[in-house]
Structure formats: structure tokens, C-alpha cells
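> Quick one: structure below, then a few questions.
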Amino acid sequence: MTDHVPFSVRVHYRAGVIPRNGRIVRELPFRAEIPLAIRSVASADLEVAAVAVLAKNKGRYEYLRYGSRLYVPVRTNWTPDAPPIEATTAIAKIEAGREFDGPNGVANPFLQLGPRWMMAADREGWVEIERMAIRSVAWTELDMVGSEAARLAAEFLVDDQGRLLRASPGPHWTSFNVWSVEPDECLYEAPRGVPAAFHWSRGDEAFAYLRTLRSRGRQEVLGAIEVADPSVLPDQDAANVAYGLLNGDIHRSLVAPALKSGSSELADLGARVGHALSILYGADPEMLADTRFRWAVPHGLDAPRDSDLVGFVEDVRLLVEAMRGRAANHGVEGWSEASSALHDHLIRRWDEYEAPRLATDPGPPDLSFEGPTP
């Protein structure tokens, strides 16, 4: 059994248009209905590939394999014993532009598409571009947003039990404190930027990392991760750490000031880190500078090559060192103490646990930027 369930989603985007009686390009918000489809599969074709047994008898999550990917049922809330959302109900809410199940439920990811944060109030009054009296369209984000919507739809399945399933990165080992390592279910999102989060196969390294945080006292491993099919749980730890090092805070607090510093050295480093951010987040530099940019990895964006990650991390390391040196003992203006400390944790994680696993000769970085592919 393989078929598709059709549905449509209302997306919101911005475009530069010249009004019928005007000559100047105006940036305006629009909406559009996009037809999509979710693959329908037989539940008999879904096999349990992994299980995360939570600490302190808090339950267990099962992860199902279909083809070459891992999936989990979308549930009404985040607890493992919560009932699955009925697929027909979920799809109806996607089409209506509503959350799946209240403020504490699992979020409807189709409500956040495109490069900018969208609040419910932002969508009011947006109209289809066909209803506007315009002379021409200078540029539009519709293709970008539509492609992301299609890639997001490809992350879902509907089975013959009426469940909606979503692709999952699978469980990871992490530390929520300084005395234990335990499973983090990571149902729909990878643990990007979490220094203590490790791939399921790296439990020993997760425990060793914990020991670096608290060398005295007793630490323990709580819960368990059982994997029947490792092929559907790829190791993305290097990329997850790199995303933590290259984020919106780095852009606002270091890249933007470096570009305006008047120093050619800082400007060059800022441009290199800005380019890395463009690759990682699938957006051009102008979009990254938009205060509404949401700093989320677009759905379906391919993971960068390891060789590129090595270059990106080295560039951000050099930028931070240069900015700190320039600020002397006063700290980098606008960069919080907490963000600075997190950077140091992530750099140590990279140096001790990720860099040694990557190729010793990374080769030249890929300097091209084409944005996310459909």
C-alpha cells in the first residue's frame, strides 16, 4: 500500500511589487494556497528501529523505520503515553492554519514556514497577490516558502491506523544535570547547539563529557537506548555542534559589529562567518540581517559537508578571539555572558569530541551558495 493524501496549506510570504499606478518597488506581505500531499503507508511496513527508555520509569518512545528514514507518531502532547493525533484531524488543522492541540501541545510546523517569524496577528489581512492591482513583481519569496512547504510535507506519513507520523532524528544521550546521562527523545528536532547531546552510539563519550563538568561525586547512566537498525539513525553530531556555534546571537553580537568596525581584519572575519551562516541557514546576508529572521534551519536543507563544517568553526573561533581581544577585559559589547560561556562549552566539545573524528585534510570549503533546494 502506497498512496498519497492530498491537502493544501496557506503560506505567507513577502514580495517586492510595483503598483499599477506606481514606479517604486514596495515590499508587501501576501498569502497563497499551495497543494501538497502526504504519503500513505501500511502500518505493517513500519518496523520498530529504536526505543528510548526514559529515566525513572517515565515511559518509552518507539521509533519506526520506513524506507531509509526514522519516524515517530505525532501525539497530542510530549509525553510518551499521549495518544496519537488522528491524521484527518491534524490535516484539517494544517489546512485551517491552526495549532494541533492547544498551547501545550505539539506545534503545527506548517505555521512557521519561510525566513521570518510569523505570529497569528501577522497573518491577518494578508491577501493573494492576484487580488492586488500591480504592474509587475520585482522579486518574491513564494518559491522559497513553497519549496520548504513541500519538503516539510515529505517528512510526514499517514498509516492505515489513521496515525500521522513525522520523520525523526532519533534519541540521543544527553545530560540535563551534572550527575546523570539519560536519553533525550529528540522526536522531531535534532539537538542543535546542546554541548552535552551525543548520538545514540556515543554513550561512553556522553558520560566522559559529563565527567568533565563535574569530576567529583557519583554520576550514572539512567534509562536506555535500544537500536535495531542503526542505518536510519545517522550521526549528525558535528553539524549539531556547528549550528550551536553559528547562530543568530553570533550574527547580531559579533558579525554585524565586525562588518562595521572599520578594521579590515575584523570585516574579513565577519564576512567569512556571515557566509557560513548563509550556507547553514539557507539565506542570503541581507535576509540574515532582518530582525524578523527566525534563525531556524529550513526543512529539508541538506547537512553541510564535514570539510565545510571544519572551516566554518575555525572562522567563528577566529572571529570570537579577535573580538574578545579588541574588547580587552570589558567583554564583547552586546554579547551576553551566558552566550559567551555557551560558545566556550561548544568549542571545547568540538575540539575534544568532533574535530578528531573528521578528516584531517578538509580541503577547500564550498564557497557557493544556492539556497535550499526543492
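> If you go through the range 323-362, how many residues are at pLDDT below 65 and either polar (S, T, N, Q) or surrounded by 12 or more Cβ atoms within 10 Å (Cβ to Cβ) (or both)?
Count: 4.
> For the range 274-288, enumerate the residues that are touching a Gly at 6+ places or on another chain (Cβ under 9 Å) and open to solvent by 30 Å² or more (accessible area, probe 1.4 Å).
Hits for the range 274-288 are 284, 285.
> Continuing with this model, one more query. Failed condition for residue 89, given (1) open to solvent by less than 70 Å² (accessible area, probe 1.4 Å); (2) outside any loop (DSSP other than H, G, I, E, B); (3) under 25 Å from residue 17 (Cβ atoms); (4) of a type outside the set (A, V, I, L, M), with all others met?
(3)
> Let me ask something else about it. Under 9 Å between Cβ atoms, at least 6 apart or on separate chains: pull out the pairs that start in the range 213-233 with a residue that is in contact (Cβ under 8 Å) with a residue 40 or more places away in the chain and open to solvent by 90 Å² or more (accessible area, probe 1.4 Å) and end on any residue that is among the β-branched types (Val, Ile, Thr) and outside any loop (DSSP other than H, G, I, E, B).
As it stands, the answer is 226/51; 226/53, since those pairs meet every condition given.
> Can you tell me which of 37, 15, 50 is over 27 Å from residue 186 (Cβ atoms) and of a type in the set (Gly, Ala, Ser)? So that I can check it myself, show each step before the final result.
Numbers: 37 fails: over 27 Å from residue 186 (Cβ atoms); 50 fails: over 27 Å from residue 186 (Cβ atoms).
Matching residue, one of 37, 15, 50: 15.
> Still on this structure, I have one more. Filter the range 1-25 down to residues that are assigned to a strand (DSSP E or B) and either over 31 Å from the mean Cα position of the chain (by Cα) or at pLDDT below 90 (or both) and give me whichever is nearest to residue 110 (Cα to Cα).
Top of the filtered list is 2.
> Return the only residue of 153, 138, 121 being among the small types (Gly, Ala, Ser) and under 30 Å from residue 41 (Cβ atoms). It would help to see each step written out before you state the result.
Numbers: 138 fails: under 30 Å from residue 41 (Cβ atoms); 121 fails: under 30 Å from residue 41 (Cβ atoms).
Sole residue among the options that is among the small types (Gly, Ala, Ser) and under 30 Å from residue 41 (Cβ atoms): 153.
> Out of everything in the range 289-310 that is part of a helix (DSSP H, G or I) and surrounded by fewer than 21 Cβ atoms within 10 Å (Cβ to Cβ), what residue ends up being farthest from the chain's Cα centre (by Cα)?
Step one: list which residues in the range 289-310 are part of a helix (DSSP H, G or I), which gives 306-310.
Next, only the ones that are surrounded by fewer than 21 Cβ atoms within 10 Å (Cβ to Cβ) stay: 306-307.
Numbers: 306: 17, 307: 20 Å.
The extreme case among them is 307.
> State all residues of the range 246-266 that are within 21 Å of the chain's Cα centre (by Cα) and assigned to a loop (DSSP other than H, G, I, E, B); if no residue qualifies, say none.
246, 247
Listed here are the residues, each with its yes/no results for (1) modelled with pLDDT of 95 or more; (2) in contact with a strand residue (DSSP E or B) (Cβ under 6 Å, 6 or more places away or on another chain); (3) closer than 25 Å to residue 137 by Cα.
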| site | (1), (2), (3) |
| --- | --- |
| 29 | no, yes, yes |
| 37 | yes, yes, no |
| 53 | yes, yes, no |
| 81 | no, no, no |
| 84 | no, yes, no |
| 107 | no, no, no |
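The values are calculated or read from the model by the stated rules, or taken from the named source; none is laboratory data. Please read these numbers as outputs of a predicted model, since none were measured by experiment. Note: ideal-geometry Cβ built from the backbone for every residue, glycine included; neighbour counts use all protein chains shown. For accessibility, only protein heavy atoms count, side chains too; no ligands or nucleic acids. Shrake-Rupley method; radii C 1.70, N 1.55, O 1.52, S 1.80 Å.
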